[in-house]
Amino acid sequence: MSDCAFLFPGQGAQVLGMGRDLAEAYPEARNLVERAETHLRVPLGKIMFDGPEERLNEDFSAQVAVYTVSCMVTEVLAARGLQAAAMAPYSSGLYAAAYAAGSLGFEAGLTLMREADSCIRRHNGSGAMGVVLGLSADQVAELCTQVPGEVEVSIINTHHQIIVSGQPSSVTALLEKATAAEALKTSLLPASAPYHCSLLADADQCLSERVARTPLAAPHTPIISYIDAQSLRSSPAMAKMLSIQLSNPVHWVKVVEDLVCRGLMPMVEIGPGQMLGRCVRWIHRRAVVLHTETAAALEAAIESVSRC
């Protein structure tokens, strides 16, 4: 085991072509794509590799695609005997972290993600998410109180990159308020639900019933909760986290600061893209983050971690 941390991205990390060369280079990675397609009965590999991009960017497609690629990387690392001292999931990256820590089976993760999507559709109306650059979380939270309707700080990516979720009209009004307050940039995000917002409390309650029927093992490696940066070490703790994940905010800054404080370096972003790595370096400039989005990057990360 290395004194490193594995970071697991969620929706937003997807990119057309993701996982293609991993599937070509590693049989264990290709096997997971085939298992995902069989279980979901959708051509996930084609969607990831060839698109169309609009289909890949749909909430559920994006989430299961990122999950599958993260699990592909996990399988390659496990085959090389590499483990981390802690797992740090971001949003829906929780499912891949649970898989990597031996708490959740691969197909069980896909099923729970599909159930979460169903619960959101059943219990939530329209929702929206937006990002504010250049203001603090406290500043954005104060602006939320000045907007009619429901809008909340939902994700704290860095000290000055804040995501809000809520009713569409309220999110739009909040972004206008932030622009007037001299935010550097504001924009809507391509999400169809207000993730990590209290508006999804009923969806969480719905999902908790599915979680209760899902076999879960105690994680063999601690998983850091993005809600409060506490370590999840038991199956009841994992079940609770899975059951409250949709309506609770992501405190990514707290997670990164905890990993840095514990000296868990390098951090390895397990899956597509470099979104989490960029956030980590904005939070802590001296942090070392390795990436695994391609076979070449994964081999370089394996070599670096093996030397730790």
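The values are calculated or read from the model by the stated rules, or taken from the named source; none is laboratory data. These numbers were taken from a predicted model, which means no experiment stands behind them. Cβ: placed from backbone, ideal geometry, glycine included. Neighbour counts: every protein chain shown. The accessibility values were calculated without ligands, DNA or RNA, using every heavy atom of the protein model including side chains. Shrake-Rupley method; radii C 1.70, N 1.55, O 1.52, S 1.80 Å.
Rank 203, 255, 187 by how far each Cα sits towards the positive end of the charge dipole of the stretch 181-308 (+1 on Lys, Arg Cβ; -1 on Asp, Glu Cβ) and give me just the farthest. Farthest along the dipole direction, towards plus: 255. Counting other Cβ atoms within 10 Å of each Cβ, which trypsin sites (Lys or Arg not before Pro) in the stretch 1-92 have at most 14 and sit in a DSSP loop? Qualifying residues, ordered by number: 41, 80. Here the Karplus relation 6.51 cos²θ - 1.76 cosθ + 1.60, evaluated at θ = phi - 60°, turns the backbone of the stretch 284-291 into coupling constants of 9, 4, 8, 5, 9, 10, 9, 10 Hz, with x for every Gly and Pro. Amide hydrogen proximity for residue 250: with H placed 1.01 Å from N in the peptide plane, the residues at 5 or more positions away or on another chain lying under 5 Å are 155, 156. Note on residue 240: lysines with a C-alpha under 27 Å away, same-chain residues under 8 apart excluded, are 254. Among beta bridges identified by DSSP and lying wholly in the chain, the antiparallel ones come to about 60 percent. Computed from backbone phi, the HN-Hα couplings of the stretch 12-21 come to x, 8, 5, 8, 4, x, 4, x, 4, 6 Hz, rounded to whole numbers (Karplus: 6.51 cos²θ - 1.76 cosθ + 1.60, θ = phi - 60°; Gly and Pro given as x). Residue by residue, the stretch 254-259 carries 3J(HN,Hα) couplings of 4, 4, 5, 4, 5, 5 Hz when phi is fed to the Karplus relation 6.51 cos²θ - 1.76 cosθ + 1.60 (θ = phi - 60°); x denotes Gly or Pro. The mean sequence distance of close C-alpha pairs (under 8 Å, at least 6 residues apart), as a share of the length of the chain, puts its relative contact order at 24 percent.
Reported value for the chain: 117 Å³ per residue, from the convex hull of its C-alpha atoms. Summing Cβ point charges (Lys, Arg +1; Asp, Glu -1) relative to the Cα centre of the chain gives a dipole of roughly 400 debye.
Across the accessible surface of the chain, with the other protein chains kept in place and a 1.4 Å probe, carbon and sulfur atoms take up 51 percent.
Working from Cα pairs under 8 Å separated by at least six residues, relative contact order for the stretch 144-225 is 24 percent. Of all lysines in the structure, those lying under 21 Å Cα to Cα from residue 185, and not within fewer than 8 positions of it along the same chain, are 177.
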